[in-house]
1. Which aspartates and glutamates, if any, have their Cα less than 16 Å from the Cα of LYS64, not counting same-chain residues under 8 positions apart?
2. With equal scatterers on the alpha carbons only and no solvent term, can you work out the Debye log10 of I(q)/I(0) for the range 36-164 at 0.11, 0.17, 0.18 1/Å?
3. Counting helices only, and only those DSSP H runs with n ≥ 4, report the 222 nm mean residue ellipticity of the chain as the sum of -39,500 (n - 2.57) divided by its residues, in deg cm²/dmol to the nearest 500.
4. Quick one: GLU242, GLU179, fewest Cβ neighbours within 10 Å first, how do they rank?
5. Cα axis of helix 128-140 to longest principal axis of the chain: angle in degrees, 0 to 90, nearest 10?
6. Suppose R0 equals 25 Å. What FRET efficiency, 1/(1 + (r/R0)^6) with r the Cβ-Cβ distance, do PHE104 and MET84 give to the nearest 0.05?
7. List the residues whose amide H sits under 5 Å from the amide H of THR27, counting only those 5 or more places along or on another chain, with H placed 1.01 Å from N in the peptide plane.
8. Please identify, among LEU164, LEU213, LEU225, the residue showing maximal mean-square fluctuation in a Gaussian network model of the chain using a 10 angstrom Cα cutoff.
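No lab work stands behind these numbers, since they all come straight from the coordinates. This one's a predicted model, so the numbers in the text were calculated from it and none came from an experiment. Neighbour counts run over all protein chains shown; Cβ positions are idealised from the backbone, glycine included.
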Amino acid sequence: MNLALVTDRDTDQAVRAASPLAVRGMTVSYGQTPAIFSVDMTLRAGAMTAIVGPNGAGKSTLLKAALGVITPLAGSVTVFGGTMADMRARIAYVPQRASVDWDFPVRVIDVVMMGMYRQLGLLGRVRGAHRALARDCLDRVGMADFAHRQIGQLSGGQQQRVFLARALAQEADIYVLDEPFAGVDAATEKAIIAVLQGLRDAGKTVLAVHHDLATVPDYFDDVVLLNTQVVAAGPVAQAFTEDNLQAAYGGRLTTARADPESVAG
Ligand SMILES: Nc1ncnc2c1ncn2[C@@H]1O[C@H](COP(=O)(O)OP(=O)(O)O)[C@@H](O)[C@H]1O
Ligand SMILES: [Mg+2]
């Protein structure tokens, strides 16, 4: 190949092909002003990436647009270099817990089985092996004893564990979670981070919106600082700096540190 003919576009194509999830030029608007503007994000395979930023920064919007849950004004997404349509089965998504209707009368084991509809097909018979996988996933999050409870009767932390179990049942390569630690007890936070780190150590890719700045360096390899636009992104050691945090949170940073709830969104 003549190197002189390698364009920026070719280079980016190679970058995207190597990335589990790459977002380019993503802009989403619900009304007059954009919720996210011209966002680029390139996940590193086998890494845990945090998206952090103040309340209303567009973190959930970025996840939803990247996954095709909402339609952006502009932008494109590749999954392992391919299209979302072709690669959807390789991604598991755990939405923000507050956005789920917990009155829905369904048992824990069935919530987990819902994660497996791609294996099952819409009319597929549930076999013993499927049930065994669902139980194994509940066991991995410490919820094996709750399989036959109604999901609405569980605590917030228990519900979050069940949703993680459902994501595990998808046997995906990329795990996307929106504030998995919001409103959960300390034991659940430990259990969830252990499962996520186990996935990472098995070569999977994890992307999570995270609201506790203090634990970012402990939990994550890479970080995206978002405030409508990307303020900084990269390995935590390089991107998670005082200056970048100041730029992302502005005057809200001091408040954010005193009261972590004030940056949850
Ligand atoms: N469905 C919606 N309709 C209108 N505005 C929305 C909707 N969802 C989010 N927004 C607005 O878009 C901005 C970004 O929201 P969001 O992505 O939820 O931020 P974050 O997750 O960082 O707290 C906020 O100003 C929010 O009010
Ligand atoms: Mg959010």
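1. By straight Cα distance, LYS64 reaches ASP40, ASP178, GLU179.
2. Rounded to two decimals, the profile gives -0.51, -1.10, -1.17.
3. Values: 12 runs with 100 residues, N = 265.
Result for the chain: -10500 deg cm²/dmol, rounded to the nearest 500.
4. The fewest-first ordering by Cβ neighbours comes to GLU242, GLU179.
5. 60
6. Numbers: r = 27 Å, r/R0 = 1.07.
Given R0 = 25 Å and the Cβ-Cβ separation, E is 0.40.
7. Here the answer is SER38, VAL39, LEU73, ALA74, GLY75, since their amide H atoms fall under 5 Å of that of THR27.
8. Sorting by GNM fluctuation, first place goes to LEU213.
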